Amino acid sequence: MKRAALLVLAVALVFPPATSAGGPITVFAAASLTRVFPRIDKTPRYSFAGSDQLALQLQQGAPADVYAAASPKYAELLYHNGLVQKPAVFATNKLVVIVPRSNPAHVSSVYDLRRSGLRVVIGDKTVPIGSYTRQILDALGITADVMKNVVSQETDVKGIVAKVALGEADAGFVYVTDSKAVASKVRVVPLPAWAQPPIRYEVAIVKASANQRAARAFVRKVLSKHGRLLLQQAGFGLVKPSKP
């Protein structure tokens, strides 16, 4: 009996369950959802970071019940790899440029970011905010001139916001929803609507979750009328809800 008990314990230590059934679910979510998801549901354990980082963690076996990304790229990849159930689009977003409230570099247009000597912060090319930034720069035809002024490439949007809000950079590309959170510390420079890339957020249930019922309940809250209202209040665009 003792030998059997020790074997069971060893197996449990080597192969821990994805989550504890019945406990709070774990939600991996894009950094840009940091403020709104806890308003939709305050009970889960949240891990906010770059969508690519979280996807990699899931691929490596990290325990989570729900995955929400700022780009379909990663959710769809996990789906095709059999790690999550079919993702559902639940929100959209737009890009803006933010500058410190005092705006020492006198930036009034995205085209000003071509001026020599400016300090610009963008997202790393592997994360959605970085990918979207490069898309809009390409659409505007100013990629080379702006990239020469890039002093930092952050792994998530929170890093960009922090550097600009603290005056460590003259400008940064972020989601409009993130600019609202620091409205007292930054100014917003709009970007041309015609150049905006399509930004869609997707949410999916992790197949290995031991809390499938609770995970489905969370996704329903995100897609619900109340969830959509909170997303809209946070500055997200809405889409026709789809079933995951």
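FYI, it's all coordinate maths here, none of it is from the lab. If you're wondering where the values come from, they're calculated on a predicted model, not measured in any experiment. Virtual Cβ from ideal backbone geometry, glycine too; neighbours counted across all protein chains shown.
Of note:
- If the convex hull is drawn through the Cα atoms of segment 95-195, its volume per residue in Å³: 81
- Restricting attention to the chain, close to 55% of DSSP beta bridges with both partner residues there are antiparallel.
- Look at the dipole of the chain built from charges on Cβ: of G23, L83, V99, the Cα furthest out on the positive end belongs to G23.
- Ordering of 221-228, 88-95, 192-199 by burial proxy (mean other Cβ atoms within 10 Å per residue, highest first): 88-95, 221-228, 192-199
- Angle between the chain longest axis and helix 212-223 axis [Cα atoms, degrees, rounded to 10]: 30
- Amide H contacts for L191 (H built 1.01 Å from N in the peptide plane; partners 5 or more residues away or on another chain; cut-off under 5 Å): V97.
- Only helical runs count toward this figure. For the chain, summing -39,500 (n - 2.57) over DSSP H runs of n ≥ 4 and dividing by all residues gives -10000 deg cm²/dmol at 222 nm.
- Translational diffusion coefficient (Stokes-Einstein; Kirkwood radius from C-alpha pairs) of the chain at 25 °C, 0.890 mPa s, in µm²/s: 129
- Reachable lysines, given that their alpha-carbon falls under 27 Å from the alpha-carbon of K207 and they are not under 8 places away in the same chain: K42, K73, K86, K221, K225, K240, K243
- When only Cα pairs below 8 angstrom with a gap of at least 6 residues are kept, the chain shows a relative contact order of 30 percent.
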